[in-house]
Structures are given as C-alpha cells and as structure tokens.
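All remarks here apply to the structure that follows.
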Amino acid sequence: MARLQRLPPIHALTAFESAARLGGFAPAAAELCVTPSAVSHRIRLLETQLGEQLFERSPTGVRLTEAGQRYLLGVREAFDKLSHLSRGGTPEVLRLSVGSPPTFARNLLIPRLPEFYRQWPDIEIEVAVAAPMQDRPERHDVDIRFGTAPFDERAATKLFDDQLVVLAAPRTLERQPLAEPADLARAELLRSPLVAWRPWFAAAGLDWPEPSRGLLFTDLGILLEAAASGLGVAVCTRRVAEQWTSDGQLVAPFAVTAPAASPYYALVERDLGQRPEVGAFVDWLTASFA
C-alpha cells in the first residue's frame, strides 16, 4: 500500500506524456477529451509530487525542462512495459522509416543510433538515403532535410544550427600554404550547390563572387572526400565534416567561420507526430544534437 501511495496518479502521467509528445496543453486536452485547464492542473499535481518543474511555461507555449526530458523517458518506458504486459508480455515491434541525406545518415545519424536503441529497443528503424537535389523526394515517417523552413506543409523541428569552415588536406597546405583568406585566390576551390562560398567570403572580409569554375559535387560527403584526397579546398559545415577533421584528414587553415544558411530539420506529417515511435525518435534526435 505504501508503494501505491508514492505512485503518481495515472491521469497525471498520461496528461504529462501527451503534452510532452504533442507540444502543448491544448492538443493534449483534445487528445484526452478534457479541458486545457484540467491538463494544466494534472501536470502541476505531478510537479508538486515530484518536487521538480517539468515544463517551462511562456505566453507562446510550453517546453520540457531538463528534468521533464529525463522524466519523460522513464514514463514512456513504464507505459511501454505496461503495454507489453497487456499483450501477454510479447513486445510489439514498432517500425519507423527515416529519410536522410547520405552524408548526414553516414556521419551523424548512424553513429548515434546505438544510444537510441538503448532507450527504445522495440523500435525498428529503416533508414532510406534521400538525395538532397531531388525536386520531389519520397516521403517517410521522418525526413531529415537541410535548407530554409518551411519546406512543405509538414511540421519542421530544427535539429541544430551550424558554422561554415574552410577545410583542406594537410598535404594540400604543405604544397600551397594558406596564410590568410586572400591566399584562396590562387587555390583550387571545390564547389557544391548545397553549400555556398560567399557567406564565408563575406565573414573573411572578401568581396568575392561565388566561384563559377572548378570541380562540382552534389553530395557533401564526396565534396569532403575530394578535399581529403588533395583535389582542392572545400567549404562545408563543421558538424558534417567532423569525421574528416577528427582524424586529421582535413584541417581548417583559418579561424574564420560563418553561420550556415541551411540548418537541418526533421519533417513529420502532423498526424504522424502522435505515433509514439515518431515522437520518441524526434525527441531523441533533437536532444542528441542539443
């Protein structure tokens, strides 16, 4: 009996999970067929019992605190276990299709997936590589895109901002030292329609146009491989290039950086966001890059 007295009321837990998943008290109220004030009351009851604030409240809406994010993981795990028990203990495999640009999938998503599976072992993810230059790419449960939102009618959750850096192989810099940004005038500049040089030029104080000649690549991974192979100097986002810079294949000859004009977003159909596996993946992805 003492253990039961310490347990939070189930209606407070469902209100918390629903508000966290749907991003607000009003949509949670609609899902639970109660009023928004009832949802707010239940969550305050839960916060009082826990002694921690689970949501930050503002005139524009609510967002989970760090304590709320930690508690959400435990609540979802508990709900999943109860759901499995109600089905005779047989875990249900939830399948989730994720579309991603190839370099993001290879360098940023796949290395992080073991941590996701430690938290959500019953969600099976199907990763589909989506070429970033397609006019009408195939849609998946979650699509990772970079550019300027909105892309379409889907809800877009920003994953992270990034910085543009100039990168070259050490042997390239040995052959042609770059002491200052203006020295790029005599370097082979590698190009991609996905990342422009001009924002970095402007940050470096160079009033130069976008390069119109030189090797052109429509994939950032291949662009970076070309730079690592000594074919020239590239400009790319810092996080995408981590695999090449962490092991020394590429180095940044200048300290100058510029904000990347194309952040990465997770796109989800608004009705799909209510599926637990979709909400869990987007929440984890956002927290992973926070």
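A few notes on this one:
- Residue under evaluation GLU126, criteria (1) modelled with pLDDT of 85 or more; (2) surrounded by 17 or more Cβ atoms within 10 Å (Cβ to Cβ), criterion not met: (2)
- Residue match in region 271-282 (condition: in contact (Cβ under 8 Å) with a residue 60 or more places away in the chain and assigned to a loop (DSSP other than H, G, I, E, B)): yes
- When region 96-114 is filtered for residues that are touching a residue at least 12 places away in the same chain (Cβ under 8 Å) and either part of a strand (DSSP E or B) or exposed (fewer than 11 other Cβ atoms within 10 Å of the Cβ) (or both), the ones remaining, listed by number, are LEU96, SER97, VAL98, GLY99, SER100.
- Matching option when the condition is in a loop (DSSP other than H, G, I, E, B) and either within 18 Å of ILE125 (Cβ to Cβ) or among the hydrophobic types (A, V, I, L, M, F, W, C) (or both), among VAL240, VAL235: VAL240
- Test: residue in region 201-218 that is surrounded by 15 or more Cβ atoms within 10 Å (Cβ to Cβ), under 22 Å from the mean Cα position of the chain (by Cα) and not assigned by TED's automatic domain parsing to the domain that holds THR103: no
- Verdict on ALA255 being buried (at least 21 other Cβ atoms within 10 Å of the Cβ) and modelled with pLDDT of 90 or more: no
- Looking only at region 79-101, and only at residues there that are closer than 17 Å to VAL142 by Cα and in contact with a Pro (Cβ under 8 Å, 6 or more places away or on another chain), the one that is modelled with the lowest pLDDT: LEU94
The values are calculated or read from the model by the stated rules, or taken from the named source; none is laboratory data. Everything quoted here is computed from the prediction, not taken from an experiment. Neighbour counts run over all protein chains shown; Cβ positions are idealised from the backbone, glycine included.
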